[in-house]
There are 2 protein chains.
Amino acid sequence: MRLTSLSPEAGLARIRCGMRYNTHVNANGGAAVIDFQTSPDRYRHWQLSFDGPIATLAMDVDENGGISPGYELKLNSYDLAVDIELYDAVQRLRFEHPEVSTVILTSAKERVFCAGANIKMLGLAEHGFKVNFCKFTNETRNAIEDAAANSGQHYIAAINGPCAGGGYELALATDYIVMVDDGNTSVSLPELPLLAVLPGTGGLTRLVDKRRVRSDRADFFCTTEEGVRGQRAVEWRLVDELAPRSRLLETARSKAAEYAQSSSRPCNAHGPLLAPIGRRIESDHISYPNLGVELDRERGAAHITIGGPQTGPEDVLRLEQCDESFWPLALARELDDAILHLRFNEEQIGTWVFHTEGDGQLVADYDRWLLQNQDNWLIRETILYLKRVLKRLEVSSRSLFAFIELGSCFTGTLLELALAADRSFMLNGTREGREEQPALIHLTRMNFGPLRKCNGLTRLENRFLGESAHLERLEGLTGEDIDSETAAGLGLVSFVPDEIDWDDEVRMAIESRATFSSDALTGLEASLRFAGPETLETKIFARLSAWQNWIFQRPNSVGETGALQLYGTGKRPIFDRRRV
Amino acid sequence: MRLTSLSPEAGLARIRCGMRYNTHVNANGGAAVIDFQTSPDRYRHWQLSFDGPIATLAMDVDENGGISPGYELKLNSYDLAVDIELYDAVQRLRFEHPEVSTVILTSAKERVFCAGANIKMLGLAEHGFKVNFCKFTNETRNAIEDAAANSGQHYIAAINGPCAGGGYELALATDYIVMVDDGNTSVSLPELPLLAVLPGTGGLTRLVDKRRVRSDRADFFCTTEEGVRGQRAVEWRLVDELAPRSRLLETARSKAAEYAQSSSRPCNAHGPLLAPIGRRIESDHISYPNLGVELDRERGAAHITIGGPQTGPEDVLRLEQCDESFWPLALARELDDAILHLRFNEEQIGTWVFHTEGDGQLVADYDRWLLQNQDNWLIRETILYLKRVLKRLEVSSRSLFAFIELGSCFTGTLLELALAADRSFMLNGTREGREEQPALIHLTRMNFGPLRKCNGLTRLENRFLGESAHLERLEGLTGEDIDSETAAGLGLVSFVPDEIDWDDEVRMAIESRATFSSDALTGLEASLRFAGPETLETKIFARLSAWQNWIFQRPNSVGETGALQLYGTGKRPIFDRRRV
């Protein structure tokens, strides 16, 4: 965790904002930001080591390394600082370590695995920070599952001591859980009895949906502070295997060897080093190599402009030379960072407007090249990363607009931004004094499968739910120029104002968004963006998180006599027993 | 709407409790309760008329007929009093009117269809009442859809004037929407721009999932106060057909004739009159003919004991004599009423414990008889009603326990109560001084399909998610005696204490439940009860309702300067623009 700060004092002030937010301390000038970029040489909380196809990621939280003052991260409890490093490690394991087919997730502390999210931190944190923190931690756990599901990189949890709350939820995100059988080590989800909140990092959903723990056992388990240990934990499917303490890592390694045999990870490849992203944050501007953000604070909008590739893939690199600077990977990293930055550091910016600039043909060339070469592990990873970033975008509590203007390149992968948007506007015709041809959009094969939403549908399937004939028709238009009126007719864009109406219409769309309740918009967007089926991921982000957000507002947890506030004081919470 | 009250003053006080709840006014003695029983002769808000296979249900809200003082139900806006009558009408249309294949839902007011839930009522209502009110209204709209899906009884909305918010959500629950094309009549969901809340009666989900309105159009629609009218409403799939005012009902009747041709409703049958339920409410006891409720206020528990049938179906009635007093229908009605009563009038009772008494063989006989005769419309309706009541049970915000004791009859349909429970306890062996044989449970075919949960799974499929071999094994045990240890081994019950442990174990289970936060339990149970797939119903009760519950707690809607509080005052809300 690094703080980007022009002055250390401002930095602390801003970080405390995350906890005790002061709406006047923020934004312009020298205020610090929460930075999601880090690298293993700077980790304070994790040890990452390698042994051929097996990596070991050991949690070793520095008690004094929290992102904010006011609490100590005892017993491997975590806060955002710890989770930012975890996310970094998970990403690097995908990209920098193609040889790794299994990651053993364990603890470097004697006799404790992880005590979960730090309770004092949660008690101090503002509502918005709690919600954002949980969302980010959820996304990282989903990324762990994505590694197994799509990249053949499996995670094994080796539980060496008590594993509680968020600690067990982290284990639940792995593919296999080995636990020490010593009469003391247990797994538990004590959030409800101790804190009057839910396990908020997917625990409830993963219990019944992923591990298929019987719901009555899950009910007992989640209402029991002490958790479950030993044979009962196996019988109830809470863990997969027990091991004596002396054989814990050996047991995990033996399972790792199984995974290695069936993994599609290459043993001899070398991954690109994920070098620091060249980012510059100024008061109302953030610039990246391929992406710029302009903040319109008055209207509460961020204009995010993505630059298309400068050259086609065949011209600049052969597959083996592909490194972290190549356009699709660089774009994914920059957009990922920008989303996280805006989520945590710019809460008043409620609308994100996407623009693109560049040559759509080059985007289409990249899309084709990526899909032609997806047997290559790094290309596969890059596509999967783009998919995850687009998912992160859609679970962001921000209104998403896309403006398709002259000189834009909403093609294939970049068209997904417009399809992800709550509304898109495409300029009909040209503009006086501008030489560019009218805007066009283009479908590529990227729009028909590789970049699925959290609900398992492509954005086109979600948009045209059940309309298979129309989807076939669209697939037939792959590669064709689609002008604004055709796009509107096909339902690919929302509105197509001409130059006479454009400025007023898009300005009013942004301004009216700023007049609405931010909370109601969040609920509306979370409901409308996901039509059709639900998945583990959507159940976590919608059902579970929405209930948790509600509980995070209820006096029984956050009121003066609520359990989360009183935890550790020795006082007993006083509950309103009325059921709602 | 009738108020059961021993004194009118106490009645008013208690009803106001729903709005401005006073925890000390309740419970014992002469306090009034919200009563869900009514009948057409007492309707104040609806006109129900019949013309052969077509019924017309016309909304005609009495402005002064609200359930609580403090607001007028102008413009066909509704509150709980209106919706209790609607639910009654929907039920009677199923049971008393087999000849009705189509219900035209319209308004008896000139030039207004329905303005939705009364805003002043919502502004005055306590959080718990708002949530409970929305849940009940949702259940009634789901029952409207269930009529079409399973009984061949279709609803058509004939929109004769502005149709806003909950008014449009009611129309969305029908199968076909005809709207007057007069340049003025529109459909709208103005909750977000006007009140900073969501359309909370399924509107968002039905827009994108049921009617497959494109999400960007839905976004525009839900953020536009004035709504959409005329041809655009058809093009966007918000309504199905337009008609001139003079031809509105004719158009609806023409569609009704289509439905009548394909309906499986019998034209010549006569339905049983749903006579008033013989219910007696005393301070801590509620008694029905087949069901008794004992309230343990100290422990916050209701003990609900269901009596099995006294005789088998073949002995007492032939099919054509089947009326409202026959056991499965009577049970469904009584349990339905008891759930609603406890939800609204006993908020401090957080745990519902189910007991049964009777002869399991007779329950099995009824189950077999019902399934053998399900081609009969009334038997089909009865099974469908049992299904809906069990669904209502599971979306109740109460902990559900089942105690399987000596003399119980947890068989088939009644076993569903134990399978719906968050935990079940089955006595292992006998008890000293009691002559009964050890408790047994029995599976019938009712456990394998007819009584599916909201998520579309049987309770056994939900309990044993993906375990098809085990489900087959259970199916093979249909009709067999299953004792406590076998039941535990099969995973059908949670715990099997013997007589030495029973009293302590069940007491502690109830008492510990009462020590937990009521809100956290609600979120936990809502998450654990529904494994696997999601449906329109679960999306409404989980995703949408959970977001709405959160928003109902947020200052932007319910704070002093929130939109819901300020509506109608002429003052503009002041929003916290931070996105959470």
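Results, tabulated for the structure shown:
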{"read-out": "Percent RCO, i.e. relative contact order, over chain B, from Cα pairs under 8 Å lying at least 6 residues apart", "value": "12"}
{"read-out": "Rounded percent of accessible protein surface that carbon and sulfur make up, the stretch B:84-131, 1.4 Å probe", "value": "50"}
{"read-out": "For the stretch A:349-446: rounded, prolate or oblate by the Cα gyration tensor [a/c cutoff 1.5]", "value": "oblate"}
{"read-out": "Other-copy label distances relative to B:Leu371, 7 angstrom Cα-Cβ extension, nm", "value": "4.9"}
{"read-out": "Among beta bridges that DSSP assigns inside the protein assembly as shown, antiparallel share in %, nearest 5", "value": "35"}
{"read-out": "Shortest-first nm distances, A:Glu63 label point to equivalent points in other copies (7 Å, Cα→Cβ)", "value": "6.9"}
{"read-out": "Label point distance in nm, B:Asp296-B:Ser283, each placed 7 Å from Cα along Cα→Cβ", "value": "1.9"}
{"read-out": "Potential extension, B:Thr478-B:Leu371 segment - 0.36 nm per residue separation minus Cα distance", "value": "37.1 nm"}
{"read-out": "Shielding of A:193-204 by partner chains, average beta-carbon count, 10 Å", "value": "3"}
{"read-out": "Summed side-chain charge close to B:Ser254 - residues other than B:Ser254 whose Cβ falls under 13 Å, Lys, Arg +1, Asp, Glu -1", "value": "-1"}
{"read-out": "Cα-centred dipole magnitude for the stretch A:460-580, charges only on beta-carbon of K, R (+1) and D, E (-1), debye, nearest 20", "value": "1920"}
{"read-out": "Span from the the stretch B:471-499 Cα centroid across to the the stretch B:378-402 one, whole angstrom", "value": "22"}
{"read-out": "Carbon/sulfur fraction of accessible area - the stretch A:367-447, other protein chains in place, 1.4 Å, %", "value": "40"}
{"read-out": "All lysines inside 18 Å of B:Lys135 as judged from Cα atoms, apart from same-chain residues fewer than 8 positions distant", "value": "B:Lys387, B:Lys391, B:Lys453, B:Lys539"}
{"read-out": "Interface size A-B, as summed buried accessible area [1.4 Å probe, Å², nearest 100]", "value": "8400"}
{"read-out": "Of A:Ala89, A:Phe113, A:Pro199, farthest towards positive along the dipole that unit charges on Lys, Arg, Asp, Glu beta carbons give the stretch A:65-222", "value": "A:Pro199"}
{"read-out": "Gyration tensor verdict on the protein assembly as shown (Cα atoms; rounded if a/c is under 1.5, prolate if a/b is larger than b/c, oblate otherwise)", "value": "oblate"}
{"read-out": "Of all accessible heavy-atom area on the stretch A:473-572, the percent that carbon and sulfur account for (1.4 Å)", "value": "48"}
{"read-out": "Cα-based reach from A:Lys255 at 25 Å (exclusive), listing lysines while leaving out same-chain residues under 8 positions away", "value": "A:Lys109, A:Lys210"}
{"read-out": "Per residue accessible area in Å² of the protein assembly as shown, where ligands, DNA and RNA are left out and the probe is 1.4 Å", "value": "35"}
{"read-out": "Point-to-point label distance, A:Phe50-A:Gln361, nm (Cα→Cβ direction, 7 Å offset)", "value": "4.1"}
{"read-out": "Reach of A:Lys120 by Cα under 17 Å, taken over lysines that are not fewer than 8 positions away in the same chain", "value": "A:Lys74, A:Lys130, A:Lys571"}
{"read-out": "For A:Phe50, label point 7 Å along C-beta direction: distances to other copies, nm", "value": "7.9"}
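The values are calculated or read from the model by the stated rules, or taken from the named source; none is laboratory data. What you see is a predicted model, and the numbers here were worked out from it, not measured in a lab. Neighbour counts are summed over all protein chains in view; Cβ atoms, including those assigned to glycine, are modelled from backbone coordinates with ideal geometry. All accessible areas refer to the heavy atoms of the entire protein, side chains included, with ligands and DNA or RNA removed. Shrake-Rupley method; radii C 1.70, N 1.55, O 1.52, S 1.80 Å.
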